[in-house]
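Below you'll find the structure, written out as structure tokens, and then a few comments.
The values are calculated or read from the model by the stated rules, or taken from the named source; none is laboratory data. All values derive from a computational prediction rather than experimental measurement. Cβ coordinates were reconstructed from backbone atoms using ideal geometry, including for glycine residues, and neighbour counts include every protein chain displayed.
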Amino acid sequence: MATVNWKKFNMEVVADASNGQKGWEMFLEHSPAVVITDIVMPEQNGIELARKIKQAAPATKILLLSCHRDFEYAQEGIKVGASGYILKTAFQDDEFEEYLKQFTDEIQKSEEREQDSNGPEVLIYEIDEKWPEPIQKAVLLITKDLSESYSSVDVANEVGLSRSHFSTLFSKSVGESFHTFTEKLKINAASELLETTSLTLQEIGERVGVHDGKYFSKWFKKCTGCTPSDYRLTKRRITSDNLTPNP
């Protein structure tokens with residue numbers, strides 16, 4: 001795999017792990033779209049790693065590398081959601097690259113469907129008609145596209161008020177400061193995207209106006225008390241538990 005031309009498949013290697021536990025930690029940190037793993041690994045085998053990944057991010061493509069004696073394990077891996085497996089004793093570049101091409105095509109189609117159905121992130125917020133007209137306009141502007149990060153000065157200029165007058169009027173009308181209001185909107189939207197989509201942390205950050213992936217993780221943890229990856233995993237686990245029939 002060291003000779004694979006990853007760029008040919010619009011891919012890059014974001015992490016390399018020496019055992020299953022480290023692989024899980026790397027997955028939580030990077031949220032890759034594709035995971036390639038040995039079945040036999042120390043600390044945590046590839047089947048358990050695949051199971052945890054599919055619970056956290058069902059859209060992730062997983063390719064298992066197996067020895068002949070691991071054939072039953074490979075079948076179990078397919079059952080938990082792996083996309084396929086390759087026998088290491090008969091490894092061929094053509095077979096490996098065919099999987100990569102398949103993954104690239106599937107990911108591209110999924111992104112196109114998601115883009116067609118979602119478009120830009122738009123949050124509908126109920127406007128209180130009792131608010132002064134400048135504040136109504138301000139809230140409409142903020143919620144129209146959360147990928148834009150407006151400062152209070154920007155919005156004040158848009159609605160024809162000085163910054164100090166706008167800030168005072170906004171807090172009095174809405175019941176919280178402009179900063180608190182916009183941050184809550186972005187956190188709620190990010191949480192929804194983490195729970196209901198397979199978008200990467202970078203993509204979610206861009207949709208809510210936090211365009212640096214590393215800063216997005218720090219910002220989300222500061223606001224919620226947990227990392228985006230942990231939040232996504234917890235929510236997916238709760239959903240999975242709720243779907244499990246009672247004995």
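Against the numbered list (1) in contact (Cβ under 8 Å) with a residue 40 or more places away in the chain; (2) more than 18 Å from residue 203 (Cα to Cα); (3) not β-branched (Val, Ile, Thr), residue 28 comes up short only at (2). Applying the criterion of being closer than 19 Å to residue 143 by Cβ and among the charged types (D, E, K, R) to the residues of the range 190-207, the residue that is surrounded by the fewest Cβ atoms within 10 Å (Cβ to Cβ) is 192.
If I filter the range 25-37 for residues that are more than 24 Å from the chain's Cα centre (by Cα) and not assigned by TED's automatic domain parsing to the domain that holds residue 230, do I get at least one hit? No, the range 25-37 contains no residue that is more than 24 Å from the chain's Cα centre (by Cα) and not assigned by TED's automatic domain parsing to the domain that holds residue 230.
Yes/no matrix, rows are residues, columns are (1) assigned by TED's automatic domain parsing to the domain that holds residue 14; (2) among the β-branched types (Val, Ile, Thr); (3) out of contact with any helix residue (DSSP H, G or I) (no Cβ under 8 Å at 6 or more places or on another chain):
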{"position": "148", "(1), (2), (3)": "no, no, yes"}
{"position": "151", "(1), (2), (3)": "no, no, yes"}
{"position": "182", "(1), (2), (3)": "no, yes, no"}
{"position": "205", "(1), (2), (3)": "no, no, no"}
{"position": "215", "(1), (2), (3)": "no, no, no"}
{"position": "218", "(1), (2), (3)": "no, no, yes"}
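Select from the range 25-83 the residues that are assigned to a strand (DSSP E or B) and of a type in the set (A, V, I, L, M, F, W, C) and write down the one among them that is farthest from residue 218 (Cα to Cα).
Initial filter on the range 25-83 (assigned to a strand (DSSP E or B)): 34-38, 61-66.
Filter again for of a type in the set (A, V, I, L, M, F, W, C), leaving 34-36, 62-65.
Working: 34: 24, 35: 24, 36: 27, 62: 28, 63: 30, 64: 32, 65: 34 Å.
Looking at residues that are assigned to a strand (DSSP E or B) and of a type in the set (A, V, I, L, M, F, W, C), I get 65.
On inspection, residue 129 fails the criterion of being at pLDDT 85 or above and of a type in the set (D, E, K, R). Answer with yes or no whether residue 33 is aliphatic (A, V, I, L, M) and surrounded by 15 or more Cβ atoms within 10 Å (Cβ to Cβ). Yes, satisfied. Could we say that residue 137 is assigned to a helix (DSSP H, G or I) and modelled with pLDDT under 85 here? Criteria not met by residue 137.
Of everything in the range 16-25, what is buried (at least 18 other Cβ atoms within 10 Å of the Cβ) and within 18 Å of residue 200 (Cβ to Cβ)? Give them in sequence order. Within the range 16-25, 23, 24 qualify. Evaluation of residue 155 against the conditions (1) more than 19 Å from residue 209 (Cβ to Cβ); (2) in contact with a helix residue (DSSP H, G or I) (Cβ under 9 Å, 6 or more places away or on another chain) shows that the sole unmet condition is (1). Taken over the range 192-224, the criterion of being farther than 14 Å from residue 146 by Cβ, in a helix (DSSP H, G or I) and free of Cβ contacts under 8 Å to residues at least 12 places away in the same chain is satisfied by 196, 214, 215, 218, 221, 222. Under the condition of being among the hydrophobic types (A, V, I, L, M, F, W, C) and closer than 20 Å to residue 60 by Cβ, the residues counted in the range 180-219 number 7.
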